[in-house]
Amino acid sequence: MHEIDENPRETAVGRDVAGASEPTRLERLLFRLEAQHRCLNWAFGEIAGRSGPVLELGLGHGRTFDHMRRHLPGRDIFVFDREIDCFPDCTPDAEHLILGKLSDTLPEARYRFGGKAVLVNSDVGTYDEAINAEIAEVVSGALPALLAPGAIVLSDLPLTLSNAKAVPLPHAVRSERYFVYRSL
Ligand SMILES: C[S@@+](CC[C@H](N)C(=O)[O-])C[C@H]1O[C@@H](n2cnc3c(N)ncnc32)[C@H](O)[C@@H]1O
């Protein structure tokens, strides 16, 4: 698994000579995880009382899946990844695990979840900007068909969703660390 440990847009900008004004790589990771945590916690409140499945794109080690299942008891959380590389106790059961490339599994998912998902957390970025652009395009293209009206989409990469708009970041979330959308 090659997850983002820094924001590639910041890498492109680079450090200034003194290096004092740019966050370190450790701080970038910290800020991203902090933003992810705050966005998820905010989203749990936003979907309270709304029925519908939750989609997790990118099982990874299962950390965000673990957080979501703890805070959304009883909710169906379907997890997409091309592989299982998680803590053993974070492995979704077979019914909730959708294995394969997102370019295959997400378009196919419309037959199962079309118009129903109330929350999507997309955490599939890497350190490679070209790969990120590709995967953001795949996610952007396939997600709209899966979203219920008013659904929340959280993403580690900026997305272009035909039926959703960026919404103001939840309280205390630093900009450009995580992205938040709501479907129309
Ligand atoms: C950053 S990790 C996810 C971290 C996870 N959310 C966590 O909290 O532990 C990204 C995951 O996305 C998956 N992934 C990336 N691109 C993918 C693709 N095109 N199809 C399927 N899975 C993909 C990788 O296999 C990896 O497990």
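The values are calculated or read from the model by the stated rules, or taken from the named source; none is laboratory data. This one's a predicted model, so the numbers in the text were calculated from it and none came from an experiment. Glycine also receives a Cβ, built like all others from the backbone with ideal geometry; neighbour counts cover every protein chain displayed. Note: areas computed on protein heavy atoms with side chains; ligands, DNA, RNA excluded. Shrake-Rupley method; radii C 1.70, N 1.55, O 1.52, S 1.80 Å.
Here are TYR127, TYR178, TYR111: which of them is in contact with a Cys (Cβ under 9 Å, 6 or more places away or on another chain) and among the hydroxyl-bearing types (Ser, Thr, Tyr)?
Testing whether each residue is in contact with a Cys (Cβ under 9 Å, 6 or more places away or on another chain) and among the hydroxyl-bearing types (Ser, Thr, Tyr) leaves just TYR178.
Residues of segment 23-43 being crowded, with 18+ Cβ neighbours inside 10 Å and at pLDDT 95 or above, which ones?
Passing the criteria: PHE31, ARG32, ALA35, GLN36, ARG38, CYS39, LEU40, ALA43.
Mind checking which residues of segment 69-128 are crowded, with 18+ Cβ neighbours inside 10 Å, aromatic (Phe, Trp, Tyr) and touching a Pro at 6+ places or on another chain (Cβ under 7 Å)?
PHE78, PHE113
List pairs: first residue in segment 101-112 and closer than 10 Å to VAL138 by Cβ and in contact (Cβ under 8 Å) with a residue 24 or more places away in the chain, second residue more than 7 Å from the ligand (Cβ to nearest atom) and open to solvent by less than 20 Å² (accessible area, probe 1.4 Å) anywhere in the structure, Cβ distance under 6 angstrom, at least six positions apart or on different chains.
LEU106/ALA142; PRO107/ALA142
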